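Notes follow the structure.
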Protein chains: 2
Amino acid sequence: MAANSRLTVAVHVLTWMALVKGRGRDVVTSDQIADSVNTNPVVIRRSLGELRKAGLVEALHGAGAGWRLLREADAITLLDVYRAVETEPLFALHRAEPNQKCPIGAGIRPALEEVYGGAEAAVHGALGGTSIADVLRGTLAGRTG
Amino acid sequence: MAANSRLTVAVHVLTWMALVKGRGRDVVTSDQIADSVNTNPVVIRRSLGELRKAGLVEALHGAGAGWRLLREADAITLLDVYRAVETEPLFALHRAEPNQKCPIGAGIRPALEEVYGGAEAAVHGALGGTSIADVLRGTLAGRTG
DNA sequence: CGGTGTCGTAACTGAAATAGTTACATCGCC
DNA sequence: GGCGATGTAACTATTTCAGTTACGACACCG
């Protein structure tokens, strides 16, 4: 299983919402999205729940219920999505505390955290440069450019 | 469990080897390394096996057997280590193929792969700028500086 | 005011990966 | 041949992910 597909699912959801919004339909159901992603509607609702907490979408109740984008597609970057759905850091430190009697074991964790922080920042920069609108264009065109 | 700690373990291993090499001991055993990392020697041997395939260390047999660095600590970057131990991409695509009858489902995967490739490249750049010697200095000094 | 359709979430499952552990064959020096 | 370490296979416990079922909550509409 290794890496999870939460970012992929969330970006797919938002890109699909942006597409159908462009066609005039701005409230959609988790069932409709699940049909495009090819998964269970509950998986989609879980993803949408995280996007809602991040303020990217809202849920509507009652008749004609569903979900709606709260920002334009070019105002949502993949960094926004990444932050909304990804909780764990990119690289884990030691599972068990290393040997504190060893100079390496005693001091390596802050050193690693600094390097890992730099890698996270690099990922943020890369994802922050692409919007849902970019992904939508790339998806329809066969490329992201 | 989420993210794995293979990069952390491998960097710890190499940093420890660099430290004791500076003290004149250049052949060490997996048991000795395991004592610093605080884990089982087999876990260390598995990590060393991947580093050996990458040409970063070698194993010696017979009497006085053990492991030895094949490069100076300032000639091993964390990108070398990352490539040696990490096989999976940073972000997974859809677990099941998305709906090919939907324009998003049909075209989103190449678009995502392009973005994810950019994020991988950013991580490579960040990790490539730090060497085992840097980590050793940072570990002993309390910072990576 | 009750029916309807969707959200929101808990609970469970199967599959997969990590990391820890035991065990043992292999290797090469002494 | 003895010895000490490598190199791996095999097994386990723990955790996570994603899929699924189930059901209460909600708000509109006739």
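Derivation of every value follows stated rules applied to the coordinates shown; laboratory data play no part. No experiment lies behind these values; they were computed from the predicted model shown. Here the Cβ is made from the backbone with ideal geometry for all residues, glycine too, and neighbour counts use every protein chain on show.
Data overview
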| read-out | value |
| --- | --- |
| Phi to ³J(HN,Hα) by Karplus 6.51 cos²θ - 1.76 cosθ + 1.60 over segment A:74-88, Hz, x for Gly, Pro | 7, 10, 10, 8, 5, 5, 4, 5, 4, 5, 6, 10, 9, 9, 6 |
| Ascending list, in nanometres, of distances separating the B:E72 label from those of the other copies (7 Å, Cα toward Cβ) | 5.5 |
| Exercise: per-residue mean of other protein chain Cβ atoms within 10 Å, A:83-96 | 4 |
| Spherically averaged projected area of the protein assembly as shown from its Cα convex hull (nm²) | 16.9 nm² |
| Over 19 Å [Cα-Cα, segment A:25-103], rounded percent | 51 percent |
| Length added when fully stretched, A:E97-A:K53, from 0.36 nm per residue minus Cα-Cα | 12.5 nm |
| Size of electric dipole in segment B:60-130: Cβ of Lys, Arg +1 and of Asp, Glu -1, about Cα centre, debye, nearest 20 | 180 debye |
| By average C-beta atoms within 10 angstrom, highest first, the peptides A:69-75, B:122-128 | B:122-128, A:69-75 |
| Per-copy distances of the B:D31 label point, shortest first, in nm (7 angstrom along Cα→Cβ) | 6.6 |
| Ascending list, in nanometres, of distances separating the B:E113 label from those of the other copies (7 Å, Cα toward Cβ) | 3.8 |
| Residue list for segment B:121-138, given a label point 7 angstrom along the Cα-to-Cβ vector of B:E72 and an amide N cut-off under 16 Å | B:131-137 |
| Alpha-carbon centroid distance for the pair segment A:66-91 / segment B:88-139, whole angstrom | 16 Å |
| Value of [θ]222 nm, deg cm²/dmol, for chain B, DSSP H segments ≥ 4, -39500 (n - 2.57) each, nearest 500 | -18000 deg cm²/dmol |
| Average partner coverage of A:14-22, which counts Cβ from other chains inside 10 Å | 2 |
| Extreme residue, positive dipole direction of segment A:1-80, given options A:G24, A:V9, A:A63 (C-beta unit charges) | A:A63 |
| Label-point separation, B:N4 to B:E120 (7 Å along Cα→Cβ), nm | 1.6 nm |
| For A:38-50, mean number of other protein chain Cβ atoms within 10 Å | 1 |
| Chain B, rotation onto A, residue closest to that axis via Cβ, with its distance in Å | B:A122, 2 |
| Other-chain or far-sequence residues with amide H under 5 Å of A:V57's (modelled H) | A:R52, A:L70 |
